[in-house]
Amino acid sequence: MIQIKNLSKYYGTTRAVYDLSLEVEKGEVLGFLGPNGAGKTTTMKMLTCYLPPSSGTATIFGFDILNDPMEVRKRIGYLPEKTPLYQEMRVDEYLRFVASVKGMAPPRVKPALGRVIEQCGLEEVHRRSIGKLSKGYQQRVGIAQAIISDPELLILDEPTLGLDPRQIIDIRTMIKNLGRDRTVILSSHILPEVSQVCDRIIIMNQGELVAVDTPDKLRARLKQVSVTRITLRRSDRSRGAREALLEMEGVLMVKEKSSPAQADTLVLQVESRPDRDLREGIAGKLVKEGFPLLEIFHEELSLEDIFIKLVTEEVNR
Amino acid sequence: MRKFAAIYRRELMYYFQSVTAYVTISIFLILSGYFFFSIFRYYNLISLQSIQNNTFSGNLNLIDGVIRPLMGNISIILLLLLPLLTMRLLAEEKKLGTFELLLTYPVPDITAVTGKFLSALTVYLIMLSGTFLYPVILMIYSEPEIPPILSCYLGLFLMGCSFISMGLFFSSLTSNQLVAGVATFGLSLFFLVIGWAAPFVGNTTSTILAQFSLLIHFDSFSKGVIDTQDITYYLLLTIFFIFLTLRSLESTRWRN
C-alpha cells in the first residue's frame, strides 16, 4: 500500500533522514519510535507531500509523492506535531472549512461533521471557539480535521504530546478505534505508547532505520541480548576462537562480523544474556588460551541502548 | 472552486471576526472624510474669492479642485493602511503552523494565494465603497462630471490591487507580520515616488522610471483618461507579485 524507497532528506548539510526504505500494509497501525531529532517528523512531512525529499521517493496507494501530490493528499489525513488550528474559529465552523478545503461535496459535509464530532467526543464543545478549549480537546479537534474526509491513511505526529495521563488514554483509545478500518502511521518517543497501539514499530535514530518489527518480537529481541564485540588479530592462533567462546557459560550466539577491508583482523560479536557482563570472563579466557586479543568492548548504540534511552525518558516524565 | 470559496470565506470571516477590518475601515473613512471636508471647504473659499475678484475663475471645477486632490490623499492613506491589512495573510499562518496543514490538504498553492488575495481585496473594496458618499455630496450641491470620478475609482481599485499583491508577497517571505508590513510599506512607497527621480536622470532612464511609477500611471485616471497602458501596468504589477508569492511558497518548501 505504502512503499518508501531510499528516502533521504538533508537540511543544508544536516542529515535528517537517510536512505529509509519501508513497506506498510493496508490496515496496519505503524509506530515511528525514536528520540527527538531521529527523523520521524521529517519522514511524515515528506509522506504528506509538505517537504520534498532530497532523494528517493515514496508511493502511497500507488501515487508518487513527487509526481502526484494532489492524489496523495486526497487520501491522507495529517495531524502535525503542534496541533496548529485556527484559534478564532468555532469547532464546527473549522471542521466545515476543512471539509470544503479538502474538496468534499456539500451534501457529504454535514453527515461527516456529525460522524467526527461523535468519533472524537466533541459533542459538548463543537459550538465553542477553538482557542478556548483545553489542550486535550484541541488535540481531538486536530484528529477530527484529519479524519473528516475519511482518509485511507492517517498520519499523526506525536498525537499524545503535552497531554495529561487521562487525555493520553483517551487519545490512544481513539487511535486504536480509528486503526480498525484504515492505515495509521503515528510517531512517538515513548515506547509503551507505541507498543500498546501499534501492530508494528519502526525504531529510528539519527535519521536511520534501526529496527522494524512487531512490539512483542522487538521487546523479546531487546530484552534477551547483550552484545560484546571482540577483535582478534587474524592468524593461526586466532583459529578456534569462535568455538572457544561458544563453550562459555551464558553465551547465546557468536557471529563473525569481520569486514573484508580489514583482512588482518577477526571480529566476533558475542550475544549473551543481558543480566550478565561477560567481558571480564571473555578477556580472561581468550588471553589464557593464547588468542591474539586486540580489542573488547560492549556494543554501543545498539537497539538496547536506544530502547533504554527511550524508556528512561518515559520514566522521567 | 469549492476549495477556493472555503479559503476566501475563512479569510473574510477572520477580518470581520477580529476587529482588523472594522478598525482599518473606520480609520480609513475618518481620515478620508476629514480630507474631503478640508479640501471641499478650501475649494469653497477659492470659489468665493474668485466670484469677488474674477481673476482666476476660468479653470475652477470640481474634478480638478476636489476629486483629484482627494484621490491623491486617499492613495496615501491606502499606502499606510493596506500593508496592515495584508501583512497577516500568510505570515500569521506560517507562524502558527496552520499553513503547513493547509498545504497538506489537496489544495493547489494558487487557490490558497488567490483566495487570500481576493479576501483582502474585498475588504479594500468595502473600504473604498464608503467613500462613494463624497461624490454624492458633491452631486447634491453641484454638478460634477461623472466619468472622471469613475475613472478615478478604477485607478484606486487597480492601485489597491497592486498594493495588496505586494503585501501578500512580503507576507509569504516571513513569519513575522511586522516585517511583512514594513517591507510592503517601503516597497509601495518606493513605487509611488520612483518617478520623482525621473527629471534628474538621462532620457532613457527617465522614461523607464516614469513608467514604473504608480503615481504617474494614476495621474491619467484622475484626469478621466482610461488608458490601456495604465491598466496593463497595474494588472502586470499585481500578477507579477502574485507570481512571486507562488514562487516564494514553493522555494520555502524546497529550502526547508
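List the residue pairs whose Cβ atoms are under 9 Å apart, where the first residue sits in region B:26-42 and is loosely packed, with under 14 Cβ neighbours inside 10 Å, the second is β-branched (V, I, T) and not in a helix (DSSP H, G or I), and the two are 6 or more positions apart or on different chains. Matching pairs, first to second residue: none at all. Taking region B:187-221, which residues are in contact with a helix residue (DSSP H, G or I) (Cβ under 9 Å, 6 or more places away or on another chain) and small (G, A, S)? The answer is B:S188, B:G195, B:A197, B:A198, B:S206, B:A210, B:S213, B:S220.
Would you confirm, using the coordinates I've provided, whether B:F241 is surrounded by 16 or more Cβ atoms within 10 Å (Cβ to Cβ), part of a helix (DSSP H, G or I) and either acidic (D, E) or more than 14 Å from every other protein chain (Cβ to nearest Cβ) (or both)? Yes, satisfied. Does A:Q87 satisfy being touching a Ser or Thr at 6+ places or on another chain (Cβ under 9 Å) and surrounded by fewer than 18 Cβ atoms within 10 Å (Cβ to Cβ)? When the stated conditions are applied, A:Q87 passes them. Taken over region A:243-263, the residue count meeting the criterion of being of a type in the set (S, T, Y) and either exposed (fewer than 12 other Cβ atoms within 10 Å of the Cβ) or more than 34 Å from the chain's Cα centre (by Cα) (or both) is 1. Would you confirm whether or not region B:147-158 contains a residue that is within 14 Å of chain A (Cβ to nearest Cβ), in contact with a Gly (Cβ under 7 Å, 6 or more places away or on another chain) and of a type outside the set (D, E)? No, region B:147-158 contains no residue that is within 14 Å of chain A (Cβ to nearest Cβ), in contact with a Gly (Cβ under 7 Å, 6 or more places away or on another chain) and of a type outside the set (D, E).
All of (1) away from chain A (no Cβ under 14 Å); (2) crowded, with 19+ Cβ neighbours inside 10 Å; (3) over 14 Å from B:S171 (Cα atoms) hold for B:L101 with one exception: (1). The set of residues in region A:66-104 that are farther than 25 Å from A:E123 by Cβ, outside any helix (DSSP H, G or I) and more than 7 Å from every other protein chain (Cβ to nearest Cβ) comprises A:L66, A:N67, A:D68, A:R75, A:I76, A:E81. Out of B:I76, B:I110, which single residue is away from every other protein chain (no Cβ under 14 Å), of a type in the set (V, I, T) and within 24 Å of B:Q177 (Cα to Cα)? The conditions single out B:I76. Where in region A:114-223 are there helices (runs of 4 or more DSSP H), lying fully within it, with 3 or more residues that are at pLDDT 85 or above? Fully inside region A:114-223 and qualifying: A:135-147, A:165-178. Of the residues making up region B:200-256, those that are more than 18 Å from the chain's Cα centre (by Cα) and small (G, A, S) number 6.
Residues of region A:1-33 that are touching a Phe, Trp or Tyr at 6+ places or on another chain (Cβ under 7 Å) and either part of a loop (DSSP other than H, G, I, E, B) or polar (S, T, N, Q) (or both): A:M1, A:S8.
The values are calculated or read from the model by the stated rules, or taken from the named source; none is laboratory data. The structure displayed is predicted, hence computed values, not measured ones. FYI the Cβ positions are ideal-geometry reconstructions off the backbone, even for glycines, and counts take in every protein chain you see.
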